[in-house]
Amino acid sequence: MTDYMSKTRLAELQKEFPAVHYDPEAAQPAVYVPADSLLALLKFLREDESCRFTRLADLTAVDYKDCFEMVYHLFALEDMTWIVVKVKLEHGQPVVPSITPVFPGAEFEEREVYDLMGIDFTGHPDLRRILLADDFIGHPLRKDYVQELPPVVPRIRKGGR
Amino acid sequence: MHNGILLTAAGWIRDILTFLFGNELLVNILMTLVGIGAIISVILTSAIVFTYAERKVCAFMQVRIGPNRVGGRFGLLQPVADMLKLMSKEDIIPNGCDRVVWSLSPMLLFVPSALIYSFFPFDDGAILADVNVGLFLLLAISSQAVLPFLMGGYASNSKYAMIGGMRTVAQMLSYEAPMAFSLIGVVMLTGSMKMSAIVEAQATHTWFVLLQPIAFVIYLITATAETNRTPFDLVEDESEIVAGPFTEYSGMRWALFFLAEYANLLSISILTTTLFLGGWHGPVLPGAVWFWLKVLVMIFVFMWFRWTFPRTRIDQMLSFSWKVLLPLALVNMLLTGVGIYLYQSLC
Amino acid sequence: MFGKGLITGMRVTWKHFWGKKVTFCYPEEKLPMTERFRGGHLALNATKCIGCKLCSLNCPNRALELTVTVDENKKRHMQQYLHIMGRCLYCNLCVESCPTQALSWDKEYAISSWYKEDMVHDSMSDQTSAAVSEVKPHE
Amino acid sequence: MPKTETFILNMGPQHPSTHGVLQVQLELDGENIVHAKPIMGYLHRGIEKLLESRTYVQGVPYTDRLDYVSSMNNNFGFCRVVEELAGIEVPRRAEYIRVIMAEFNRIASHLIFIGTLAIDLGASTGMLYTFRDREDILDLFNLVCGARMTFHYIRIGGVAADVQPEFVAQAYAFLDKVPHFMEEYNQILSGNEIFTRRLKGVSQLSVEESLAYNMTGPNIRAAGLPYDLRKVDGYSVYPEFSFAVPVGKKGDNWDRYQVRFREIFESAKIIRQALDGLPEGEFMAKIPKVLRPPKGEVYSRTESTRGELGFYIVSDGSTKPYRVHIRRPSFVNMQGLDAMCRGMLIGDSVAAFSSIDPLMGEVDC
C-alpha cells in the first residue's frame, strides 16, 4: 500500500531546503516551494538516495482567484511514497521554471497547463498551445475566463420545410 | 484430337465472315478484332465478377455475409451499383498536378494489363498470338506496368502518392527478377517459350506444379507482389499511405486503376494455370471449362491470401525478394538442370 | 517458422469461410432491447407526474425544458415536457430521480433526423392528453 | 554528393490509421522517420471545465466520454476520488460488481487494441474477429446497465443497479469462451510470421526511457517494470484476487502486444474469482441527496486500460468541484511516440502509435 512521506523525512527535507515550508499539522502536508528553488528540490527528490521519487504522477495547476498553484504529485516506486509539491504563483504574471530537465515526461502536461491555464514555463523545449487552436485567445480553465458566444450563423436550407 | 469450344466458335465466326466478305486478308483482320473484343469483354466481365467475388469472399472469411441488399438476398447487383457510383462520381483534379501525365497514367496502366492477354492459351488453339517467345514477351510487357504507377504517383502532387509511386518501382522491379528466374525452370523443362508448347508439355508429362514445386511457391509469392495484393500491397497500403498512387484519383479514372488491378489478378491466375496447372488440359470436361475452373481456384487462393495475411514492411519485403526468393530461384534452376540431365542420361 | 503460421492462419479463415456468420441484418432483424436499455425518447406518464421538476434539476446538460402550471389548489401540473435529444447524455439521472416513476425510455432508438429541430421531442405528445388539457392555468 | 533534404508528411487528422483525429507530423528521410510530432486537440471538449460547472453526481456521465472504449474504468476512477473526498464507504458487493465491470471493460478495450493493431498492419480479418467477440461484452453491459458505450453504471457510492442472475450466467458463459477466441487470434495473428516480424524488435523503449516519458500501463509493463496500480496501490478489492501482472522483456511493439494479450487472460481470471465470491448485500451506499464533500483536495488514481488514470479534485465545500484535473494516460503516453518512431519506417510508425493504444477522446479530453 502507498503512504505519504513521513513527518520526519519532511523535516529533514526542510533542513536541506530552508525555502521549503509545509503545514506540520495536516495529515498529508503539501510541500510549498518558491518557484526559483523548485528545480533544485525536484532534482533532489528524484535523485537523492533517501527519496527516489522517480515518477511524476501528475502535474497540474489550480486557479485560486488570488493566486495560482502549481501542483506536482511525485511517487517513489521503491518505497511507495507520495509527496505533493506545490508552487504558489502570483496571479498577474505567473511564471514557473519548466521541470522538463528533471522529468522529461512533463512536457505535454506543462504545455497543457500553459494552454488552458496560461502559466508560463521558462526553459520548456516547445511551449505552444497543445489542445486549443494556435490563434485562440484566453485561457479557459482560469476562473475569470468568460466564454465568447459563437456568432449566430443563419442556417441555409434548400427546399421545403 | 477434336477442337475445343472456343476454337469451334471461332471457326463458325470465320465461316460467317468468309461468307460475307470473301477476302481472306479482311477476314483475318476482322478475326483479330473479334479476338481483341473477346479479350476486352473477358477483362470487363471478370472485373465485375471479381469485385463481387472479392466482397463475398472477404465477408465470408470475416464472419460477415457481405453484400445483401442490391439485387436480391445475395446482392448480385452490387458490382453494377459500384460501377454506377464510380461513373457518377465527380472527377476531381488536384491542384498543381501535372495534368497530362496525371490523366495518361490510368490509361497507360490498363494497356499492358490488357496486352498480355494475347499470349494466353484459353483453350486448345484459342490463343491470339502464339509467338515463339511468348513467355518472354509476356514478362517484358507486364513489367511495363511500373511506369504508370510512378507517373500517377509523381503527377498527383501528393506526398502519399509520391511515396506510393516510389514503392511501386522498388517492389515491382525486385519481384520481377525472382519471378523470371522461377519461370526459367518451366522453360527448361519445356525447351520452349511458346505458351502452347508449355501447355502441351504438361499434357504429355505431368503438371509442372509437381515437377517444379519450389518454382511454383516462388512464383505464387512474386505473383502476389506483382499484383500488389496483401501481404505485399505496400503500393496502396491504406493504413500508411492512404491509397498510394491512387490517392488523388476519383471516379472513372480510379475505376480504370481498379479495372487494371483485377485484369492483373486474372492474368496472373491464368499464367499460373498455364505454366503450372496444365492449362486447359483435363479429363472428361471440355478444355475451356477446365481452364476457367483452374483460374477461379487460383483467384480464390489469391483472395484467400489477401484476407488472411497482414502486410509486410517495405524493407522486409525487398530483402525477402533479394535474399530469399532470388537465391532460391537460382537453386531451383540448378536442381532443374541436374534433374533434366539425370533424366536424359538415365532414359 | 517457414510459413507454418501462415498456413494455420489460412486454415482459420478457411474454416470461417464455410462457418456460421454473425451479421445482423439490421432493419429486418432488430436486437432485442434489454429491460434497462436507455435510449430513444423520454416518455412521461402525465397521470403520475407531480410537476416537481426534479428531473430537470438533475439533468447535467439542461436537456429538459419543462413548463409547469400551478392550479387553484396549489397543485402543480406539467404543461409541456420537452426532451432536447441533441443535448441529452442518456445518463438516466432524470429517470432515477423521479419520485413517482413517471418517466421512462420508449426504447425507440432509431432517432436520427435530418434537421436539428426534429431533435426536440415532446414527451407528452404520445399521452392521452385528457389529463393535461382539463387543467386550466391558474390566473 | 547530391543534396538531399527531409520532407514532412502530415499523417492525419484525416487518415485511415490515426485512431480518430490525431495528427502526426512525420519528418521523413526517404522512408525513414527522423521525427514524429503528434499534434492533438481536434477532439477537445473541455471536460475539465465542464466538470467545474456540474455537481459531482452530474459529472459522472461526462467521464464516460473521456476514454469511450473503456468508460467503466473512467467512471470507476472518478467515483473513487469523490468517495475518498466525501468519505463514503462503498458496500462490498458494489466493489465486487465494479471490479467485474472494470475488468470486462479492460478485456473489451484490449480486444479493440488487438483489432486496431491488426488492421493497421493490414490484417483486417483479425480486426473483425476481435470486434465479433467484443460484441458479447457489450451485450453483457447492455443487459446490466442499458447502454453499449457510455455506460454511466458505476456511480458515486456504488453502482447504478444490481446485476441480474442472467448477467452472472452470461458472464460465466463468456469467460468460458475467452480461451477459444484468444486461441483463434493466436492462430491468425500472433502465430503469423509476417505479423510477428512486423512487431518484434521495433520501436523499443527501455524502462528508463518509459519512466522518463512518464508512460504507464501496458506500455511500461512491456518494458519490464511490473507497475500495475491494481497491485501497487491495491485499491478497491483487487488485493483479494490472485492475478499476475504480465511484463515484457524488451519493450518493443511485440511486447506491448503480448502484455495486453496476456492481460486479457488475467482479467478473465479476476472476473471469475469475483463472480465466484460475489457477496450479498447492498449495491449502493447511503449517500446524501445533495453531495457536499468537505473542503480539501484529493489525487487518486486507478489502473485504467491505458495506464494510470488519475483524478485530482479540489473541493471548496460546495456541491460542485472547484477544480478537476484528469491525468489521462493516453495523453501522457503520447510523449513516447517520437522516441518510438525515430529511425523507424513509415510502416512502423503506424504500428507504434497503434501499440501505444491512444484514444483521442482521452488525449484531447
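Values in this text are rule-based calculations from the coordinates and carry no lab data. The structure presented is a predicted model; accordingly, all values stated were derived computationally and were not measured. Neighbour counts run over all protein chains shown; Cβ positions are idealised from the backbone, glycine included.
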The protein assembly as shown - charge dipole about Cα centre, Lys and Arg +1 at Cβ, Asp and Glu -1, debye rounded to 20:
1520
Looking only at lysines whose Cα falls under 25 Å of B:Lys85's and that sit 8 or more positions away or on another chain, we get A:Lys158, B:Lys56
Report the one residue of B:Val63, B:Leu334, B:Val27 whose Cα lies farthest in the direction of the positive end of the charge dipole of chain B (charges on C-beta: Lys and Arg +1, Asp and Glu -1; origin at the Cα centre).
B:Val63
Once the Cβ-Cβ distance between D:Val168 and D:Val34 is put in as r, and R0 is 60 Å, what FRET efficiency do you end up with, to the nearest 0.05?
0.65
Counting Lys and Arg as +1 and Asp and Glu as -1 over every other residue whose Cβ sits under 15 Å from the Cβ of C:Met10, the net charge comes to +3
From the residues B:Leu84, B:Val111, B:Met188, which one has its Cα farthest along the dipole of chain B in the positive direction, the dipole being from +1 and -1 charges on Cβ of Lys/Arg and Asp/Glu about the Cα centre?
B:Leu84
Which three extents, in angstrom, do the Cα atoms of segment B:5-346 have along their principal axes, listed largest first?
64, 58, 43
Taking max minus min of the Cα coordinates of segment B:150-255 on each principal axis, largest first, gives extents in Å of 53, 25, 17
From the square roots a ≥ b ≥ c of the eigenvalues of the alpha-carbon gyration tensor of segment B:66-122, which class results: rounded (a/c under 1.5), prolate (a/b over b/c), or oblate?
oblate
Ranked by Cβ crowding within 10 angstrom, fewest neighbours first, how are C:Arg62, D:Arg98 ordered?
C:Arg62, D:Arg98
Can you compute the radius of gyration and Dmax for segment A:3-92, using only the Cα atoms, both in Å?
12.6, 40
Checking the cross-link filter: which lysines have an alpha carbon closer than 21 Å to that of C:Lys53, excluding same-chain neighbours under 8 positions apart?
C:Lys74, C:Lys75, C:Lys136, D:Lys289, D:Lys320
Dipole size in debye (nearest 20) for segment D:257-348 around its Cα centre, Lys and Arg Cβ +1, Asp and Glu Cβ -1?
360
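With the contact rule set at Cα under 8 Å and sequence spacing of 6 or more, what percent relative contact order holds for segment B:193-347? Don't skip to the answer; put the middle values down first.
Values: 113 pairs, mean separation 47.6, N = 155.
It comes to 31 percent, rounded to a whole number.
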Among C:Cys98, C:Thr23, B:Thr308, whose Cα sits farthest toward the positive end of the charge dipole of the protein assembly as shown (+1 at Cβ of Lys/Arg, -1 at Cβ of Asp/Glu, about the Cα centre)?
C:Thr23
Calculate the spin-label point distance for C:Leu57 paired with B:Val324, positioning each point 7 Å from the Cα along the beta-carbon direction, and give it in nanometres.
7.0
Under 1.5 on a/c is rounded, so check that first for segment D:96-233, then, if it is not, pick prolate when a/b is larger than b/c and oblate when it is not; a ≥ b ≥ c are the square roots of the alpha carbon gyration tensor eigenvalues.
oblate
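What number, in nm² with one decimal, is the all-direction average of the projected area of the convex hull of the alpha-carbon atoms of chain D?
With every direction weighted equally, the projected area is 18.4 nm².
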Nearest 10, in degrees from 0 to 90: the angle of helix D:124-145 to the longest Cα principal axis of chain D is 10
Using a 10 Å cut-off around each Cβ, can you sort C:Ser125, D:Ser330 from fewest to most neighbouring Cβ atoms?
C:Ser125, D:Ser330
Which of the trypsin sites (Lys or Arg not before Pro) found in segment D:212-284 are in a DSSP loop and have at most 14 neighbouring Cβ atoms, other than their own, within 10 Å?
D:Lys249
Hey, with R₀ at 56 Å, roughly what FRET efficiency would D:Arg45 and B:Ile40 work out to, going by the Cβ-Cβ distance, to 0.05?
0.55
In the calculated pair distance distribution of the protein assembly as shown, what percentage of Cα-Cα distances lie above 50 Å?
35
Simple Cβ-charge dipole of chain D, Lys/Arg +1 and Asp/Glu -1, about Cα centre, in debye nearest 20:
640
Can you give the calculated 222 nm mean residue ellipticity of chain D, where each DSSP H run of n ≥ 4 adds -39,500 (n - 2.57) and the sum is split over every residue, rounded to the nearest 500 deg cm²/dmol?
-15000 deg cm²/dmol
For C:Lys107, give me every one of the aspartates and glutamates with a C-alpha distance below 19 angstrom, ignoring sequence neighbours fewer than eight places off in its own chain.
C:Glu28, C:Glu29, C:Glu35, C:Glu96, C:Asp118, C:Asp122, C:Asp126, D:Asp139
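Within the protein assembly as shown, what percent of beta bridges assigned by DSSP are antiparallel, to the nearest 5?
90
For chain B, what does the helix formula give at 222 nm: sum of -39500 (n - 2.57) over DSSP H segments with n ≥ 4, over the residue count, nearest 500 deg cm²/dmol?
-22500 deg cm²/dmol
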Average other protein chain Cβ within 10 Å of Cβ, residues D:328-336:
3
Tell me the net charge near B:Asp315. Cut-off is 12 Å between Cβ atoms, B:Asp315 excluded, with +1 for each Lys or Arg and -1 for each Asp or Glu.
+3
Nearest-0.05 FRET efficiency for C:Ser104 and C:Asp71, computed from C-beta distance (R0 22 Å):
0.30
Based on the alpha-carbon gyration tensor of segment D:100-144 and its eigenvalue square roots a ≥ b ≥ c, which shape applies: rounded if a/c is under 1.5, prolate if not and a/b is larger than b/c, or oblate?
oblate
Karplus ³J(HN,Hα) for segment B:145-155 (6.51 cos²θ - 1.76 cosθ + 1.60, θ = phi - 60°; Hz, whole; x = Gly/Pro) runs 5, 5, 4, x, 4, 5, 4, x, x, 6, 7
C:Thr47 versus B:Arg69: modelled label distance in nm, points set 7 Å from Cα along the beta carbon direction
4.2
Only counting other Cβ atoms within 10 Å, I'd like B:Glu90, B:Glu261, D:Glu240 sorted with the fewest neighbours first.
B:Glu90, D:Glu240, B:Glu261
